[in-house]
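Novice: There's a structure below that I have some questions on.
The values are calculated or read from the model by the stated rules, or taken from the named source; none is laboratory data. Keep in mind that this is a model prediction, so the values were computed, not measured. All Cβ positions, glycine included, derive from the backbone under ideal geometry; neighbour counts span all protein chains shown.
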Amino acid sequence: MKHLALMVAVASFALIAGTGSAIADDCSGRDHTTGTVVGAGGGALIGGLATHSVAGVVVGGVVGGLAGNAIARSNDCERQDERSTYYEDRDRQQTYDNQQAYDNQQRQQAYDNQQAYDNQQRQQAYGNPRALDNQQGYDDQQ
C-alpha cells in the first residue's frame, strides 16, 4: 500500500509538471496544451513499453510532455515569425508603390505645367492663339 501511495503521488506530480508548462507564450498568446498532452501520452507509452514499470510510464510522460510542449512552442513561434515577416514585406511594398504613384503624379503634373507654360509663351510670342497656326503654315510653304 505504501508503494501504491508513492506511485500515485509521483504520478500526480508528473501530471502537474508535464502539463503545467502548457501556458500561453509571447509569440502567439496561445497555450500549447495539445502538444503537451500528445507528448505526455507518447512519452508514457514509450516509457511503459521500454521499462515495463509504472515509474517508466511516469518518467516517460513527464519527459514526453515537456518535449511536446517545447516542439509546439517552437513551431508556433516559427509560424508567427513567418507571418510578421510577410506583413512587414507587404507593408514595405505598399509604401514603395504609394511613393512611386506619388512620384509619377508629380512628374505628370510638372510635365503638364511645363506644356501649359510653353503654350502660353508661344501664344504671347505670336500675339494671338491663331498666329501660331498661321506661322506653321507659312513654314510649311517655304
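Novice: Exactly one condition in (1) surrounded by fewer than 17 Cβ atoms within 10 Å (Cβ to Cβ); (2) modelled with pLDDT of 90 or more is false for Val59; which is it?
Specialist: Condition not satisfied by Val59: (1).
Novice: Search the range 69-90 for residues that are closer than 17 Å to Gly43 by Cβ and of a type in the set (D, E, K, R) and pair each with any residue that is modelled with pLDDT of 75 or more and part of a helix (DSSP H, G or I) when their beta-carbon atoms are under 8 Å apart and the residues are at least 6 apart or on different chains.
Specialist: The qualifying pairs are Arg73/Gly35.
Novice: Could you list, ordered by first residue, the pairs with Cβ atoms under 7 Å in which the first is in the range 30-51 and under 13 Å from Leu66 (Cβ atoms) and the second is outside any helix (DSSP H, G or I) and at pLDDT 90 or above, at least 6 apart or interchain?
Specialist: So the pair list comes out empty.
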